[in-house]
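The values are calculated or read from the model by the stated rules, or taken from the named source; none is laboratory data. Worth saying up front: this structure is predicted, and the values here are computed from it rather than measured. Here the Cβ is made from the backbone with ideal geometry for all residues, glycine too, and neighbour counts use every protein chain on show.
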């Protein structure tokens, strides 16, 4: 489940265990491949992928290929197939040629860019540079089927093949309507316009991110439905955090309706705008929170620092419900104030079912006049409280444009995490978000 950047793709044919066991080793035990599909053949391939796999599997098993795992993923607008399998024979070249003669296999392969030569260790160069964006699931599968996963992973690293996705965990879309976006003051005139996926996509690509999670900004069922429709049209929207009326007697009906869409990954209520600071402890609200787990949905906590002690009581009452704190609870960065935000944040972080988004920082600082160092102490406190496995980067686009451009905002966290080991960087820049929201379950994929 757990990319990056460059739309240049490696059509790497067969990752062989020759790489792990030594190029002179005559026996192959596990292989994996990545193929880019020709655009004009994508729909045909997707149909054949579903229709032909049983016969393909039977054919390939005849030639000593077993335990297939195959799925499709769209990367930078192009569909790619990822897969791996075990080879138990002794004549790979002969079996590979024979397997390709079958009708069903030919129907599938004709839609791919052919990949025929086995992968050999070689120096980096034009053919072996660039990045492949894929999921942690794929990495796990490669490791499962590979004889010596450590060597294999190191070899992938030498070739700059990244096996994780980078995800902006928090952004918004809207079609500006002054009757709905009443919170936009005259000082926020830059926000009083439409912000739609076609504006965000190039910004994500420019910083090497693969997708985003779209979060509600209006407390309307119509917006939840609209965001889900956008996610159907734009594959880079990996998940949606929508709104339902958690206080309504009809909340279960609402959840059942929208949770049927695979990209609804959570819900949120704009708690910090509620006049009652104890809003989260209301029985009707907690009744709604108690319904989320049945539908495998998370909950985003949108709070001010004063709400943190109340949030502690909420999450204590629901120890199995996944929560994530938005915008590190909006501490007063402009005033450089730390307490009592720090102590209350640490109290919330003691609950293992709570994560935190490293987002919304620049709008709490001096608009347009902040420096990256302004945020370091706050980020240090969050990491010390939550660790590197429960935090995730988020932009809060387009709200962040009140105080900085998208790239500069994202670079605050991207640059900050360079101090950590590679695995921790991957976690904060994407993998934690993927795991928390279950993004793999919302993606186009097929397993055989």
Looking at segment 335-448, what helices (runs of 4 or more DSSP H) fall wholly within it and have at least 3 residues that are more than 17 Å from residue 164 (Cα to Cα) and out of contact with any strand residue (DSSP E or B) (no Cβ under 7 Å at 6 or more places or on another chain)?
341-349, 373-386, 406-416
Look at residue 409 and say whether it is over 16 Å from the mean Cα position of the chain (by Cα), more than 30 Å from residue 260 (Cα to Cα) and surrounded by 14 or more Cβ atoms within 10 Å (Cβ to Cβ).
yes
Per the filter on segment 326-348, residues crowded, with 23+ Cβ neighbours inside 10 Å and touching a helix residue (DSSP H, G or I) at 6+ places or on another chain (Cβ under 7 Å) are 328, 329, 331, 345, 348
Helices (runs of 4 or more DSSP H) contained in segment 171-261 and holding at least 3 residues closer than 12 Å to residue 398 by Cα and in contact with a helix residue (DSSP H, G or I) (Cβ under 9 Å, 6 or more places away or on another chain):
197-206
Would you confirm whether any residue within segment 303-320 is crowded, with 21+ Cβ neighbours inside 10 Å, assigned by TED's automatic domain parsing to the domain that holds residue 394 and in a loop (DSSP other than H, G, I, E, B)?
yes
